[in-house]
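The values are calculated or read from the model by the stated rules, or taken from the named source; none is laboratory data. All values reported here derive from a predicted model rather than from experimental measurement. Here the Cβ positions follow ideal geometry from the backbone for every residue, glycine too, while neighbour counts run over all protein chains shown. With ligands, DNA and RNA removed, areas are computed over all heavy atoms of the protein, side chains included. Shrake-Rupley method; radii C 1.70, N 1.55, O 1.52, S 1.80 Å.
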Amino acid sequence: MASNKVLKGVFLVGLGATSYGMLATFVKLAYADTSSAGLHYTPAEVITAQFTIGILVVGLLHFFQTKFRPKITPKASLADIKKLMVVGTSTGLTSIFYYLAVTYIPVSIGIVLLMQTVWMGVLLETILDKKRPSSTKIVAVLVVLIGTTLATKLLSTQATLDWRGITLGLLAAASFTTTMYAANKIALSISSAQRSLYMLLGGALVVLVFLMATQHTPFNYDIFYTWGILIALFGTVIPPLLLNAGFPLTGIGLGSIVAALELPVSVTMAFVFLNETVLFSQWIGIALILLAIVLMNVKLKK
C-alpha cells in the first residue's frame, strides 16, 4: 500500500514538473505569434493573462472545496493571508524576470539559469538558518556550477549570450528560491488551493505594476483566449496543484529528484518546437545538474 502511494506521488510530481517544463516554450511561441490586429504579444500581456486566468481557475477550485467539503477545508487566518500574499510577490517577480529573460536568450539556456535555485537554496538556508551546509551539499553545488558552465556554453568561443538575459535569468532563480523557501514554511495547515490563490493574488499586484510600467500600447485582449489559457494552465494551475498533492506522498528528497524532470523536458521542448540548437556538451551539463539534485536529496548508504 505504501509503495502504491509513493508511485502515485512520483506520477503527480513528475506530471507537475513536466507541465512547468513546457511553459517557457509556450511563452516563446506566444511572443512569435500575432493577434487578429497583426501585433505581437508583449511580456506584460502574456503574464497578465496567465495570472488573471490562474486566479479565476484556482479561485473556483477553492470555492467548490469550501462549499462541498467545508469540514476538511480549514480557513486561512488573516495573518496567513498576509504572509502568503507577501511571498506571492516573489512568484510574480519570477514570472516577470523569466519571461523577460527568454526574450534575450534561448529557452534551453533560460531553464538552466532558473535551476540555479539548487545552490541559491543552499546559500539562503545557510544565511537564514545559520546552519553550515553538509559536505554533500557543497559538492552538489560545485557540480551544479560545472554543469551550468557546460549547459550555458560559457566555454564555447561561439557563445554570444546577451547579458540582459543572463541577469534576468539569475534574478528569476533568486525570486523562485525565495518562493520555495518561504512557501514550505507558511500556512501549511490550509489547502493547496487556498495557498495558491493568495500567493497568486500577491503576485498579481507585482504583475499589475509591471503592466502599468511597461505596456505602452493598447492592451491586446486576444491573449486571453489564445495563448493565455494554455500558459495559465501550465504555469499557475496544474503544476502547483499536482506538486502540492504529490510531495506529501514522495517526501521532499524523492520529490525533488522527480521534479528535476522540468529541466530536460524544457530543453527537449525548445529543441523540438523552437528548433534551438542544443550541443552535446550542454546535455552533459544538464546531466551534471540532475546528478547534483540527486546528490542533495539521497542519503548515501554503505
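Out of (1) modelled with pLDDT of 90 or more; (2) in contact with a Gly (Cβ under 9 Å, 6 or more places away or on another chain); (3) within 26 Å of residue 260 (Cβ to Cβ); (4) surrounded by 23 or more Cβ atoms within 10 Å (Cβ to Cβ), the odd one out for residue 26 is which?
(4)
Would you say residue 237 is in contact (Cβ under 8 Å) with a residue 60 or more places away in the chain, closer than 30 Å to residue 80 by Cβ, buried (at least 22 other Cβ atoms within 10 Å of the Cβ) and hydrophobic (A, V, I, L, M, F, W, C)?
yes
Checking the condition open to solvent by less than 80 Å² (accessible area, probe 1.4 Å) and closer than 27 Å to residue 58 by Cα, which residue from 140, 173 passes?
173
Among the residues that make up the stretch 158-167, is at least one of them touching a residue at least 40 places away in the same chain (Cβ under 8 Å), farther than 25 Å from residue 266 by Cα and not in a loop (DSSP other than H, G, I, E, B)?
Checking the stretch 158-167: not a single residue is touching a residue at least 40 places away in the same chain (Cβ under 8 Å), farther than 25 Å from residue 266 by Cα and not in a loop (DSSP other than H, G, I, E, B).
Mind counting the residues in the stretch 123-141 that are touching a residue at least 24 places away in the same chain (Cβ under 8 Å) and over 16 Å from residue 179 (Cβ atoms)?
The initial filter retains those residues of the stretch 123-141 that are touching a residue at least 24 places away in the same chain (Cβ under 8 Å), namely 124-125, 128, 136-137, 139-141.
Subset that is over 16 Å from residue 179 (Cβ atoms): 136-137, 139-141.
Here the count works out to 5.
Being open to solvent by less than 40 Å² (accessible area, probe 1.4 Å), touching a residue at least 40 places away in the same chain (Cβ under 8 Å) and not in a helix (DSSP H, G or I) narrows it down to one residue among 231, 190, 223; which is it?
Going through 231, 190, 223 in turn, the sole match is 190.
Quick one: how many residues across the stretch 30-52 are open to solvent by 10 Å² or more (accessible area, probe 1.4 Å), at pLDDT 85 or above and out of contact with any Phe, Trp or Tyr (no Cβ under 7 Å at 6 or more places or on another chain)?
Matching residues across the stretch 30-52 total 4.
Check whether at least one residue in the stretch 143-157 is exposed (fewer than 14 other Cβ atoms within 10 Å of the Cβ) and part of a helix (DSSP H, G or I), and report yes or no.
No: the stretch 143-157 contains no residue that is exposed (fewer than 14 other Cβ atoms within 10 Å of the Cβ) and part of a helix (DSSP H, G or I).
State whether one or more residues within the stretch 121-130 are closer than 30 Å to residue 195 by Cβ, part of a helix (DSSP H, G or I) and under 16 Å from the mean Cα position of the chain (by Cα).
yes
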